[in-house]
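The values are calculated or read from the model by the stated rules, or taken from the named source; none is laboratory data. Computed from a predicted model, the values in this text were never measured in an experiment. We place every Cβ from the backbone using ideal geometry, glycine too, and count neighbours over all the protein chains shown. These accessible areas exclude ligands, DNA and RNA; they are computed on the full protein's heavy atoms, side chains included. Shrake-Rupley method; radii C 1.70, N 1.55, O 1.52, S 1.80 Å.
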Amino acid sequence: MRPRPGFPALTVAPSLPAVPSAAAVRVAGCRGRCDADGMTIQTAKLRDPAVRAFVTAVNAHDREGFMALLAPGATMADDGSDRDLAAWIDEEIFSSHGHMEVDNESAGGRALIARYRNDTWGEMRTRWRFTVEDDGRISRFETGQA
């Protein structure tokens with residue numbers, strides 16, 4: 001193309017390879033398990049049945065269902081410190097309307113990265129790791145900021 005008189009010639013940079021958007025990468029990584037936003041893994045499609053039931057109970061504010069998922073003597077830790085399980089779940093989940101949106105799972109579905117929110121702390125990016133016994137009940141979970 002010739003420049004018009006009075007206008008400088010334009011140079012065209014060589015083509016760069018296309019880089020997929022972050023949203024496209026997230027959607028591709030979901031393999032049909034994510035919501036329309038391309039980030040959140042649908043709870044029903046979480047791999048581990050005990051973890052799926054845990055997230056379902058948290059989001060439904062189902063204390064009875066949640067407690068049924070725990071093995072006798074179950075323990076938990078928050079940000080690396082063991083906590084009193086009954087007090088923690090009351091304060092952080094049920095009294096404060098906790099809710100989880102899972103963005104990533106690993107370790108066969110027993111490790112999650114989730115956006116967790118409640119009325120006390122708002123929303124934060126969190127990590128969760130679960131120990132599940134042979135009977136399918138959770139004997140320990142650990143959480144903290146991711």
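For Asp103, nonlocal amide neighbours, meaning residues 5 or more places apart or on other chains whose placed amide H falls under 5 Å from its own, are Ile41, Ile113, Ala114, Arg115. Return, ordered by residue number, the residues of the range 105-127 whose backbone nitrogen is under 18 Å from a label point located 7 Å along Cα→Cβ of Glu91. From the range 105-127, the list is 117-124. Give, as ranges by residue number, the residues of the range 97-130 whose backbone N falls under 11 Å from the point 7 Å along Cα→Cβ of Arg47. Residues 105-112 qualify, since their backbone N sits under 11 Å from the label point.
Applying Stokes-Einstein at 25 °C and 0.890 mPa s to the Kirkwood radius of the range 38-146, computed over alpha-carbon pairs, gives a translational diffusion coefficient of 179 µm² s⁻¹. Taking amide H as placed 1.01 Å from N in the peptide plane, the amide H of Val132 sits under 5 Å from that of Ser139, each at least 5 places away or on another chain. Taking all protein chains together and a 1.4 Å probe, the residues Glu91, Glu64 rank Glu64, Glu91 from largest to smallest accessible area. Evaluating 6.51 cos²θ - 1.76 cosθ + 1.60 at θ = phi - 60° for every residue in the range 70-78, the Karplus couplings come out as 8, 6, x, x, 4, 10, 8, 9, 10 Hz, glycine and proline recorded as x.
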